[in-house]
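S.K.: This is the structure I have questions about; it appears just below.
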Amino acid sequence: MAELSGDGSYALGVVAFGIGLLVGSFLNVVIHRLPRGESVVRPRSRCPRCGHAITALENVPVLSYLALRGRCRGCGEPIPLRYPALELVTGAALLAVAMRYGASPEGLRFTVFVSLLIAAAAIDFEHQIIPDAISIGGLVTGLALAPLCAWAASGDAAAALLRSVAGAGLGFSMLWIVGFAHARICAAAGRRFPHWPGDGEDFPRPTALDYWTWFPGMGFGDVKLMATIGAFLGPVGVVEALVVGAAAGLVLGLAWMLVQRDWNAPFGFGPALAAGAVLVVLCA
């Protein structure tokens, strides 16, 4: 971790928080458009209700929301509080990463990782999916950054890549085994879920891809996300993230059911896995 003076640490924190606000603004676009199959680059940001094109001055993180009093300038409809909230969360998260790792290659690597996790958690919370662009894209990014950052820090790039590959494989395997075993037990017991196997459908057979990748109560996106987490954290870190994530999932799931007043309310596991991984990044 880079050593910084008090003034240097303060300056780094201010820069990291500011970058985090900007990254959070971009993640808002990703979270809105990616599940809908839309480009995150074009067209420019618009109000989803009236189509009003958002100008640069209307797109300043947090400050524009306050200046507009939380309403679209075009139609006057309320802007969801999620937008400034996610910008602040991302700013705080990247500030925490900067304070933990300083101006270092590891700090850059975990900045990318935490940003991916925030996007995955928000999309999974809203849509109960984790797009491949985030899970598989994050996996490739993690595998590529591990040796590059090790080399930049004068470390062993080959060993870093090996740890990343082992972590990705372990993360994928652990959650896949849990999901697959649960699916086979449910099928043997004849237990059905609203989404699995589906109205009027039989349980998937070994000759079908769904037999290996479609699980009740857990999406395959969670399995791929664990591979991404392993690629960034390595074998030990991915186990820690899964343990913490499981505990977080229990707490968040119960809280969500109480809020919804429905014990069968759908709840994505991605936010819990992301929370576990972020805690490992900041506390390990």
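The values are calculated or read from the model by the stated rules, or taken from the named source; none is laboratory data. Values in this document were obtained by computation on a predicted structure and should not be read as measured data. No Cβ is skipped: glycine too gets one built from the backbone with ideal geometry, and neighbour counts run over all protein chains shown.
S.K.: If A158 satisfies all but one of (1) touching a Gly at 6+ places or on another chain (Cβ under 7 Å); (2) exposed (fewer than 15 other Cβ atoms within 10 Å of the Cβ), what's the number of the condition it fails?
M.R.: The failed condition is (1).
S.K.: Exactly one condition in (1) within 30 Å of V97 (Cα to Cα); (2) assigned to a helix (DSSP H, G or I) is not met by A183; state its number.
M.R.: Tallying (1) within 30 Å of V97 (Cα to Cα); (2) assigned to a helix (DSSP H, G or I), A183 fails exactly one: (1).
S.K.: I need the full set of residues from region 238-284 which are among the charged types (D, E, K, R) and modelled with pLDDT under 80, in order please.
M.R.: R261, D262
S.K.: Can you list residue pairs whose Cβ atoms sit under 6 Å apart, with the first residue in region 201-228 being assigned by TED's automatic domain parsing to the domain that holds L139 and farther than 29 Å from A146 by Cα and the second being of a type in the set (S, T, Y) and surrounded by 15 or more Cβ atoms within 10 Å (Cβ to Cβ)? Count only pairs 6 or more apart in sequence or on different chains.
M.R.: So the pair list comes out as P204/Y211; R205/Y211.
S.K.: Which of the residues that make up region 250-273 are under 14 Å from L175 (Cα atoms) and either in a helix (DSSP H, G or I) or not assigned by TED's automatic domain parsing to the domain that holds R192 (or both)?
M.R.: Passing the criteria: G270, A272, L273.
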